[in-house]
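S.K.: My structure is below; once you've seen it, I'll send some questions.
The values are calculated or read from the model by the stated rules, or taken from the named source; none is laboratory data. Note that the structure is a prediction, hence the values are computed from the model and not measured. Cβ: placed from backbone, ideal geometry, glycine included. Neighbour counts: every protein chain shown. For accessibility, only protein heavy atoms count, side chains too; no ligands or nucleic acids. Shrake-Rupley method; radii C 1.70, N 1.55, O 1.52, S 1.80 Å.
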Amino acid sequence: MTTLLKIQNLKKQFGGLTAVNDVSFSVAEGETVALLGPNGSGKTTVINMISGAFAPTSGRIVLAGENIAGLAPNRIAHKGIARTFQLVRILPSLSVAENVMAALAFRPNHLWGTEARDRAEHLLLEVGLGGRGHEHANDLTYIDQKRMELARALAAEPRLLLLDEWLSGLNPTELGVGIDLITSLGQRGMTILLVEHIMEAVRALCSRAVVMNVGTKIADGPTADVLADPAVIVAYLGDGHA
Amino acid sequence: MTRTILGFALVALGLAALAWLPTQVGAYGVGLLLGMTGYVVLASAWALFSGPTRYVSLATVAFFGIGAYTVAVLSETLPYWAVLLVAAGIGLAVALVVGLATLRLAGVYFVIFTFGLAELIRQLVTWYEVNVTGTLGRYIFLPISPEQIYWQLLALAALTIGIGWLIARSRLGLALKVIGDDETVAAHTGIDISGVKLALFAVSATIITLVGAIQAPRWTYVEPSIVFNPTISFLTLIMALLGGANRLWGPALGAIPLFLLFEWLSANFPSHYSIILGLMFIAIVFVVPRGVLAGVEDLWKRLRRKGEAA
Ligand SMILES: Nc1ncnc2c1ncn2[C@@H]1O[C@H](COP(=O)(O)OP(=O)(O)OP(=O)(O)O)[C@@H](O)[C@H]1O
Ligand SMILES: [Mg+2]
């Protein structure tokens, strides 16, 4: 398998706080990898650096052989990385379809007009929002906003999809639907790096997992092994449970 | 679709009527029409950039003055149409340099910088004229009648509003809406935010430069304190804000009554004019910050809701 994303010695400091400290891992083409860790361990910060929201303090982020660390987010988006946000971000003054068309209109091989409208409709159908393009994004329920956000990320036809707790806040039925949706993306060959706290989803979706704790990587390997690793259990549950 | 065609027909009819108007109103009337149309263009062009980006620019007169001065300097050496092209080119170049340097500035710093820019350019031109050419003022003798100036401004007004109409329907227009909603999402969907802002600033500034260039022959005598008068920046801003900087027709609708009001004020209360201008500025910012059009819409919605509830 060829490596799509290679993170090397990645570090991020916010003033005196080291949020991410010397983290290295890679993601192969077509793989779905979990990025795990307790609250505040630096997962979102890693996603933010990969997508260009923050420039790393040091380290390299290599996408298909090219170091993209520190590039502006719009440049990184054009290199083929799309993301969703831990706290869902919608464009509230636009319609649901326009939220998706925004991503279609500014990707490298952009779509516009009826082409964009048709494609947006198709993507909305795919995430379970078929026929609801005309609705106001602001009127959608939380789960539907998350669906729309995923459609917007998929609209970019990314080589690498970053999902930051996209499955959190769903009820059990919705969770099942969400897992099926991400599974189908993986089966189509999409490369996915996802941050998740729901272990049921991680087991179902990810062949590999990377675990962080207080900014450093503490485990990296096949999901089942990683989740059974005593160091990981301690990090998640505290010393008393080991 | 039919509504769009109807709209275009109406606008064309209106333009024809406006173009015909000078034959009916006499010299004073033409002067008024000319000044009014000038401010319609200034306010509309100002709003092209400042409406969607919410950057309040006080650089209007910097570009206006650059346009006027280019005509003053070159009118004897180049044909008129070439002078306009050169003026537009200089305005565009200055806008790109200034835009690259300042669009990273946030809020109030941008306001202060643009105000300073206008003063700086005025001082530079004054210094150059006094020390290098040895004069302060310049005469413009161009055989261009007030009617011709008015028609040029009318065409520029149509062009400016046409550009606004096109932008709203283009990818640039969508980019502006996305940026207005959430800059983070905009950047992560591949929108070059500074590029979009720079493009708008450049288009807006180039049009403003042309207004100065087209109006220059009207003055005959030009000096820095006339064409770089900061009142022009403030008037433009008040007009656009009053009408609503985020509406296609808002700035034009703000410019017409305010222009007439200011004409009347400066004729009747020349010494209190600046105070009244300042008070109006404050009143508009506090009472209808999003413009009268938006204010009326809000009021209409509220009344309708009340009607439904009753
Ligand atoms: N913009 C920022 N400025 C300062 N500190 C930050 C910033 N973003 C994150 N941090 C800090 O960096 C650390 C890691 O935060 P991060 O959001 O990456 O954690 P996380 O693993 O995603 O946690 P969670 O599971 O709660 O989402 C935290 O201590 C956080 O307070
Ligand atoms: Mg997080």
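S.K.: Conditions: (1) of a type in the set (A, V, I, L, M); (2) out of contact with any helix residue (DSSP H, G or I) (no Cβ under 6 Å at 6 or more places or on another chain); (3) within 13 Å of ligand 1 (Cβ to nearest atom). A:Leu162 meets all but one. Number of the miss?
M.R.: Result: A:Leu162 passes all but (2).
S.K.: Look at B:Val97 and say whether it is loosely packed, with under 13 Cβ neighbours inside 10 Å and part of a helix (DSSP H, G or I).
M.R.: When the stated conditions are applied, B:Val97 passes them.
S.K.: Provide a single number: the residues in the range B:220-277 that are free of Cβ contacts under 8 Å to residues at least 12 places away in the same chain and of a type in the set (S, T, N, Q).
M.R.: 3
S.K.: Related question: Just to confirm my filter: which helices (runs of 4 or more DSSP H) fall fully inside the range A:32-138 and include at least 1 residues that are away from ligand 2 (no atom under 16 Å from the Cβ) and within 11 Å of chain B (Cβ to nearest Cβ)?
M.R.: So the answer is A:73-79, A:96-105, A:114-126.
S.K.: Going by the conditions given, is A:Ser24 among the hydroxyl-bearing types (Ser, Thr, Tyr), within 16 Å of ligand 2 (Cβ to nearest atom), over 15 Å from the mean Cα position of the chain (by Cα) and more than 14 Å from chain B (Cβ to nearest Cβ)?
M.R.: Spelling it out, it is not the case that A:Ser24 is among the hydroxyl-bearing types (Ser, Thr, Tyr), within 16 Å of ligand 2 (Cβ to nearest atom), over 15 Å from the mean Cα position of the chain (by Cα) and more than 14 Å from chain B (Cβ to nearest Cβ).
S.K.: Looking at (1) within 28 Å of A:Thr223 (Cβ to Cβ); (2) crowded, with 18+ Cβ neighbours inside 10 Å; (3) within 14 Å of chain B (Cβ to nearest Cβ); (4) touching a Gly at 6+ places or on another chain (Cβ under 6 Å), find the lone condition where A:Leu162 falls short.
M.R.: Every condition holds for A:Leu162 apart from (4).
S.K.: Please pick out the residue among A:Leu140, A:Leu123, A:Leu111 that is buried (at least 17 other Cβ atoms within 10 Å of the Cβ), without any contact (Cβ under 8 Å) to a residue 12 or more places away in the chain and not assigned by TED's automatic domain parsing to the domain that holds A:Met190.
M.R.: Just a single option satisfies the conditions, and that option is A:Leu111.
S.K.: If you don't mind, another one. Condition check: under 26 Å from A:His110 (Cβ atoms), within 16 Å of ligand 2 (Cβ to nearest atom) and either surrounded by fewer than 21 Cβ atoms within 10 Å (Cβ to Cβ) or within 14 Å of chain B (Cβ to nearest Cβ) (or both). Does A:Leu181 satisfy that?
M.R.: no
S.K.: May I pose another question? Which of (1) touching a Phe, Trp or Tyr at 6+ places or on another chain (Cβ under 8 Å); (2) exposed (fewer than 15 other Cβ atoms within 10 Å of the Cβ); (3) aliphatic (A, V, I, L, M) does B:Val287 not meet, given it meets every other one?
M.R.: Failed condition: (1).
S.K.: Follow-up. Six or more apart or on different chains, Cβ atoms under 8 Å: show the pairs whose first residue is in the range A:29-48 and in the same structural domain as A:Leu167 (by TED's automatic domain parsing) and whose second is small (Gly, Ala, Ser) and within 6 Å of ligand 1 (Cβ to nearest atom).
M.R.: From residues that are in the same structural domain as A:Leu167 (by TED's automatic domain parsing), the pairs are A:Gly42/A:Ala19; A:Lys43/A:Gly37; A:Thr45/A:Ala19.
S.K.: Can we say A:Asn21 is open to solvent by 30 Å² or more (accessible area, probe 1.4 Å), in contact with a Ser or Thr (Cβ under 7 Å, 6 or more places away or on another chain) and within 11 Å of ligand 1 (Cβ to nearest atom)?
M.R.: yes
S.K.: Mind checking which residues of the range A:169-184 are under 15 Å from A:Ala34 (Cα atoms) and either outside the structural domain of A:Leu227 (by TED's automatic domain parsing) or without any contact (Cβ under 8 Å) to a residue 40 or more places away in the chain (or both)?
M.R.: A:Ile179, A:Thr183 - these are the residues of the range A:169-184 that are under 15 Å from A:Ala34 (Cα atoms) and either outside the structural domain of A:Leu227 (by TED's automatic domain parsing) or without any contact (Cβ under 8 Å) to a residue 40 or more places away in the chain (or both).
S.K.: Of all residues in the range B:185-206, how many are surrounded by fewer than 24 Cβ atoms within 10 Å (Cβ to Cβ) and within 28 Å of B:Leu136 (Cβ to Cβ)?
M.R.: Counting residues in the range B:185-206 that are surrounded by fewer than 24 Cβ atoms within 10 Å (Cβ to Cβ) and within 28 Å of B:Leu136 (Cβ to Cβ) gives 1.
S.K.: How do the strands (runs of 3 or more DSSP E) wholly within the range A:166-242 filter down when requiring 1 or more residues that are under 22 Å from A:Leu129 (Cα atoms): which remain?
M.R.: The qualifying strands (runs of 3 or more DSSP E) are A:191-195.
S.K.: For the range B:36-51, indicate whether the set of residues that are assigned to a helix (DSSP H, G or I), over 17 Å from the mean Cα position of the chain (by Cα) and crowded, with 24+ Cβ neighbours inside 10 Å is non-empty.
M.R.: Within the range B:36-51, not a single residue is assigned to a helix (DSSP H, G or I), over 17 Å from the mean Cα position of the chain (by Cα) and crowded, with 24+ Cβ neighbours inside 10 Å.
Residue-wise test of (1) of a type in the set (A, V, I, L, M, F, W, C); (2) open to solvent by 40 Å² or more (accessible area, probe 1.4 Å); (3) in a helix (DSSP H, G or I).
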{"position": "B:Ile112", "(1), (2), (3)": "yes, yes, yes"}
{"position": "B:Leu136", "(1), (2), (3)": "yes, yes, no"}
{"position": "B:Pro143", "(1), (2), (3)": "no, yes, no"}
{"position": "B:Glu147", "(1), (2), (3)": "no, yes, yes"}
{"position": "B:Gln152", "(1), (2), (3)": "no, yes, yes"}
{"position": "B:Ala157", "(1), (2), (3)": "yes, no, yes"}
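S.K.: Is at least one residue of the range A:2-19 under 22 Å from A:Leu227 (Cβ atoms), within 12 Å of ligand 2 (Cβ to nearest atom) and in contact (Cβ under 8 Å) with a residue 60 or more places away in the chain?
M.R.: No, the range A:2-19 contains no residue that is under 22 Å from A:Leu227 (Cβ atoms), within 12 Å of ligand 2 (Cβ to nearest atom) and in contact (Cβ under 8 Å) with a residue 60 or more places away in the chain.
S.K.: Next question, about the same structure. Check off (1) open to solvent by less than 40 Å² (accessible area, probe 1.4 Å); (2) within 16 Å of ligand 2 (Cβ to nearest atom) for A:Leu150 and give me the number that stays unchecked.
M.R.: With (1) open to solvent by less than 40 Å² (accessible area, probe 1.4 Å); (2) within 16 Å of ligand 2 (Cβ to nearest atom) applied to A:Leu150, the lone miss is (2).
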